[in-house]
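Just below is one structure, and these are the notes that go with it.
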Amino acid sequence: MAATATPMVSLEGLVKVRSQSESVFELHVPRFAVLPGQMVAVVGESGCGKSTLLDILALVMAPTRVARFQIDPGSGPVCDVAALWQREDEGALARLRRDSFGYVLQTGGLLPFLSVRGNVRLPGRLKGEEIPPERLETLSRRLGVAGCLERMPLSLSIGQRQRVAILRALAHRPRLLLADEPTAAVDQNRARTIMEDMRHLARDEGVAVVVVTHDVDLVMDRADRAYTFATEEIDGQTTRSVCRPLPESSS
Amino acid sequence: MRAPPRPWRQIPALAASHLCHEWILTLCLVVALAAVISPLLVLLGLKYGTIQTLRERLVEDPVFREIRPTQTREFAPPWFDEVSSWPGVAFLTPTILPLSSVIHVVPRDGGKNGLFDLIPTAPGDPLLLENGAPVPVEGEAVVTAEAAKRSGCQAGGEMTVRVSRSRGGRSEQVEARLKVVSVLDPRAGSLARVYAPLSFVLDVEAYKEGYGAPGRGWAGQTPDPYASFDGAVLLLSEPLFPIARTGLIINTGFGRIAEMSGETVHELFGFLPPGGFAAYDLSAPGASITTSNLQAVGQKLRGRDRVLLPYVRGIELMLQGQALHPIGLSLDADQGALLQVEPLPWGGSRGNLPQDGRLLQVLAPASQAPAKGGTVAASFTGMEGELAFKLHLSGSTSLARPVVPVELLGILRTATQRKVLFDPNTERFQMARGGYRGFRLYARSIDDVPALYEKLKTQGVEVMAEVEAIERIRTLDRGLSRLFWLISLLSLFGGTSVLVSSLYAAVERRRRDLGVLRLLGFARRHVFFFPVAQGLIISALGLAAGFAGYGILALAINRAFASELAPGEAFCFLPASYIPLFSMATIFLAALASLVAAWRATCIDPAEVIREQ
């Protein structure tokens with residue numbers, strides 16, 4: 001099945017070099033792909049480069065070198081992101097984010113000056129289409145936040161905020177959902193439900209999901225595929241981190 | 001179903017939501033802006049209002065717009081046409097000599113007999129119209145408050161004015177009844193004056209100078225034009241000795257005497273002098289010969305057989321559509337006999353022929369003579385255009401060209417130098433008046449006064465005007481303007497700094513949110529407009545609050561000074577046109593102030609900020 005479907009994201013030969021004062025960090029991603037409807041986990045210790053990988057996937061960080069970086073927006077031709085970065089076509093990248101991406105931040109990343117409903121409706125409006133009320137209704141009920149639509153984000157609990165964030169990331173029917181430690185701020189039980197919700201919704205909607213987390217146990221039995229990082233110190237200043245698939249999960 | 005993406009539309013909405021969310025900060029910012037805008041508006045309003053009030057007080061009183069001549073000289077009618085067309089001239093009328101304008105008003109019960117000044121007026125006279133009086137027409141007058149008090153006449157009543165003159169040592173006077181249509185506000189002047197239409201005033205002036213006004217039944221001379229000649233031909237039965245020739249013209253006004261050939265005599269008069277006659281040309285180069293010159297020469301020739309014939313050269317007359325050079329000749333029977341020329345019906349030359357019908361005659365050449373007794377239309381182009389008149393055909397002549405009295409040619413010659421009119425009713429030539437002795441001029445606005453004042457001065461017309469009062473206000477206006485700009489410059493710095501710092505701080509505070517917006521799919525250029533939209537919204541709110549504050553303050557100021565102000569005046573007032581101008585300038589400045597914050601917003605890297613707590 002995985003072989004026949006076009007990958008939603010396909011990344012080959014990515015190198016990202018980040019230098020901070022004296023130290024240099026190199027991220028190498030030889031091969032990374034996400035298929036539609038698939039949930040891909042990216043696990044690792046903090047500082048291993050998983051956030052960097054996610055930022056590159058989210059099109060907000062430019063890769064230093066990449067052999068192939070393609071995103072299939074679903075409608076229209078496959079996008080050559082590497083070329084867009086080369087051209088510094090910031091508008092096209094923003095368009096791609098707007099039309100095809102959903103993003104769940106570590107702490108939700110809701111805009112505090114908009115109501116929950118305003119937050120949830122914003123990506124749809126940005127895309128130029130109003131999210132149908134029934135869809136909003138169904139999704140919010142499924143995520144258990146139907147009662148908080150008129151509230152301001154600050155008045156919600158952290159768990160509720162994360163669910164609203166997932167609602168916002170999915171409501172406008174993206175092709176790719178990126179989640180950055182979505183359960184870092186909640187307890188184990190709640191983390192499991194959030195993860196479960198995200199997985200089911202992604203599967204039902206045919207959305208590709210990339211979850212970055214340090215909690216291996218939480219995602220291992222849920223993800224279709226997982227990647228981790230092997231970190232080694234080259235010399236006193238340079239650290240190299242290589243992203244490779246976890247064989248245990250490749251079922 | 002799918003509409004085009006609308007990030008542009010979302011940015012102002014998001015910016016507004018953000019301002020709403022942080023309403024306390026927004027309110028403080030709006031109040032801060034209003035606190036800059038309101039005093040500026042009040043200052044601008046005070047400047048405009050006071051200057052306007054002061055100006056209007058000047059503007060309201062036409063006295064400040066008057067420009068008066070300070071010397072008496074003659075102003076020709078074309079001068080009035082020219083000056084009337086100058087930009088800034090609202091009203092111009094000729095006036096008469098100050099001495100000629102003195103009239104008596106026959107006292108009514110209780111009034112004293114006194115001298116009044118008669119001033120011409122005309123439609124549009126601001127002095128009358130702006131002091132609540134209509135412009136009088138023929139038979140009407142408007143009087144000043146002082147004149148009404150002294151004469152005892154009232155608006156709606158009648159007044160009898162008496163014009164007197166002394167002529168030939170005798171005192172003469174005429175009276176006219178005028179309807180007093182209005183009494184002027186005392187503001188219009190403290191002198192006893194009577195304002196009447198120019199035609200009446202001119203008739204009064206003419207009467208004082210000895211002329212009559214037939215239209216009013218006032219007796220007097222008519223301003224007859226005098227005849228003038230180019231020279232005279234002296235025909236003598238025997239030649240003069242050279243010494244006698246020279247003696248002949250001494251003290252006569254003639255400057256030259258020369259022999260004249262028979263051909264020239266023929267050319268001038270159509271006949272050759274009889275055999276043995278000597279002809280002399282008496283002339284005064286560059287001057288005109290008048291009757292008195294002829295009489296002076298005539299005195300010296302007493303006792304001789306001679307004929308002295310004045311002549312005019314080059315007069316072209318249109319007779320029945322035909323351009324002709326008629327012969328100008330006047331001879332009595334004796335002269336005719338002496339010169340062997342048939343006598344002329346109008347007789348001999350006496351220099352000035354009375355205008356009793358004898359002047360306007362013509363003899364047609366026998367070859368082409370129509371029936372006697374008809375009239376011939378004639379016209380002549382003089383100094384002031386065409387003079388059309390009729391000549392009575394009195395018969396025929398044996399001479400080759402039409403013959404007219406030489407006095408007629410003399411008058412036509414005068415008409416080439418002075419303005420002569422022909423009155424077809426009385427069939428008389430009249431001297432038109434040469435010009436006027438003064439004027440009354442009102443500028444359109446007080447701002448036009450200095451320019452007109454200077455323009456008249458450069459023309460050599462000595463004038464006076466209330467230039468100083470106007471200049472004082474202009475100086476004050478300039479000073480206040482400078483003050484306003486200085487203060488607004490300071491406020492500008494203050495207001496802009498507040499806006500720059502607040503918007504910048506807002507961007508810094510909302511780095512993460514702006515990063516999230518980028519992550520959601522807004523491009524840098526969209527985020528750029530987030531602070532710009534906020535700046536515009538805040539400035540619009542600040543303007544509204546500023547105008548409200550101004551409104552309240554202006555009301556308070558105008559109330560406080562109400563006792564000093566006439567109804568309709570305001571110390572603090574802004575014209576409507578200032579409001580959009582001021583608003584646009586403020587909004588433009590706010591947009592400019594937001595650019596720093598906008599630039600800062602575009603520099604935000606979402607990857608850096610989204611994980612900030």
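In nm, what is the difference between 0.36 nm times the number of residues separating residue B:608 and residue B:313 and their Cα-Cα distance?
Details: separation 295, 0.36 × 295 = 106.20 nm, distance 11.00 nm.
So the chain would gain 95.2 nm between residue B:608 and residue B:313.
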What percent does the relative contact order of chain B come to when contacts are Cα pairs within less than 8 Å and at least six residues apart? 21
What's log10 of I(q)/I(0) for segment A:138-251 at q = 0.19, 0.20, 0.24 Å⁻¹, Debye sum over Cα points only, no solvent? -1.02, -1.10, -1.42
Shape of segment B:1-121, Cα gyration tensor, a/c cut at 1.5: prolate
Please list the equivalent ellipsoid semi-axes of segment B:241-368, computed as the square roots of five times the alpha-carbon gyration tensor eigenvalues, in descending order and whole angstrom. 25, 17, 16
If I model a spin label as a point 7 Å beyond the Cα along the Cα-Cβ vector, how far apart are those points for residue B:474 and residue A:19 in nm? 7.1
If you fit an axis through the alpha-carbon atoms of helix A:116-127 and take the longest principal axis of the Cα set of chain A, what angle between them do you get, 0 to 90°, nearest 10? 60
I'd like the orientation of helix B:448-458 relative to chain B: the angle between its Cα long axis and the longest Cα principal axis, in ° from 0 to 90, rounded to 10. 40
Mean Cα-pair separation over length for chain A, i.e. relative contact order, pairs under 8 Å, 6 or more apart, %: 29
Kirkwood Rh in Å, taken over segment B:445-545 so that all alpha-carbon pairs contribute: 18.7
Which one of A:110, A:178, A:156 has the biggest mean-square fluctuation once chain A is modelled by GNM with Cα springs under 10 Å? A:156
Of all accessible heavy-atom area on chain B, the percent that carbon and sulfur account for (1.4 Å): 58
Give the whole-number value, in cubic angstrom per residue, of the convex hull volume spanned by the C-alpha atoms of segment A:25-145. 158
From the Cα gyration tensor of segment B:281-437, with a ≥ b ≥ c the square roots of its eigenvalues, which class applies: rounded if a/c is under 1.5, or else prolate if a/b is larger than b/c, or else oblate? oblate
How much of the accessible area of segment A:145-239, in percent, comes from carbon and sulfur atoms when a 1.4 Å probe is used? 43
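Taking every eigenvalue of the Cα gyration tensor of segment A:154-197, multiplying by 5 and rooting it, what semi-axes result, largest first, whole Å?
One finds semi-axes of 18, 13, 8 Å for segment A:154-197.
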With the crude spin-label approximation of a point 7 Å out along Cα→Cβ, what separation in nm comes out for residue B:68 versus residue B:24? 7.2
Between residue A:220 and residue A:204, what is 0.36 nm times their sequence separation minus the Cα-Cα distance? Round to one decimal in nm. 3.8 nm
Compute from the Cα atoms of segment A:8-95 the Rg and the Dmax, the latter being the longest Cα-Cα distance, and quote both in angstrom. 13.4, 45
What length, rounded to one decimal in nm, is gained on full extension from residue B:302 through to residue B:366, with 0.36 nm per residue of separation minus their alpha-carbon distance? 19.5 nm
Which of the lysines could a cross-linker span from residue B:390 if the Cα-Cα distance has to be under 26 Å and same-chain partners fewer than 8 positions apart are dropped? B:372, B:419
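So for segment B:436-501, what are the equivalent ellipsoid semi-axes in whole Å, largest first, each being the square root of 5 times an eigenvalue of the Cα gyration tensor?
Rounded to whole Å, the semi-axes are 44, 9, 9.
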Along the Cα→Cβ direction, 7 angstrom out, place labels at residue B:540 and residue B:9. What is the inter-label distance in nm? 1.7
Hey, what angle do you get for helix B:23-60 against the long axis of chain B, alpha-carbon based, 0 to 90 degrees rounded to 10? 20
Set the Förster distance to 41 Å, then compute FRET efficiency between residue B:398 and residue B:81 from the Cβ-Cβ distance, nearest 0.05. 0.25
Can you tell me the convex hull volume per residue for segment B:371-423, based on C-alpha atoms, in Å³ to the nearest whole number? 86
What are the principal axis extents of the Cα atoms in the protein assembly as shown, in Å, biggest first? 163, 72, 53
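Can you quote the Å³ per residue value for the convex hull of the Cα atoms in segment B:150-276, rounded to an integer?
It is 229 Å³ per residue.
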Classify segment B:1-57: rounded, prolate or oblate, from the alpha-carbon gyration tensor (a ≥ b ≥ c, eigenvalue square roots; a/c under 1.5 rounded; otherwise prolate if a/b is larger than b/c)? oblate
Filtered hits (lysines, Cα-Cα < 24 Å from residue A:50, offset >= 8 within chain) -> A:16
Relative contact order for segment A:137-251: what is it in percent, counting Cα pairs under 8 Å that are at least 6 residues apart? 19
Cβ-derived FRET efficiency at R0 51 Å, residue B:198 paired with residue B:493, nearest 0.05: 0.25
Between A and B, accessible area buried - total, square angstrom, nearest 100, 1.4 angstrom probe: 2800
For chain B, Kirkwood radius (reciprocal of mean inverse C-alpha pair distance, Å): 32.8
How large is the accessible surface per residue of chain B, computed with a 1.4 Å probe and reported in Å² as a whole number? 47
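The values are calculated or read from the model by the stated rules, or taken from the named source; none is laboratory data. Only a predicted model underlies this, so the values are computations on that prediction, with no experimental measurement involved. Here Cβ is always computed from backbone atoms with ideal geometry, including for glycine, and neighbour counts include all displayed protein chains. Each accessible area value is taken on the protein alone, full model and side chains, heavy atoms only, with ligands, DNA and RNA left out. Shrake-Rupley method; radii C 1.70, N 1.55, O 1.52, S 1.80 Å.
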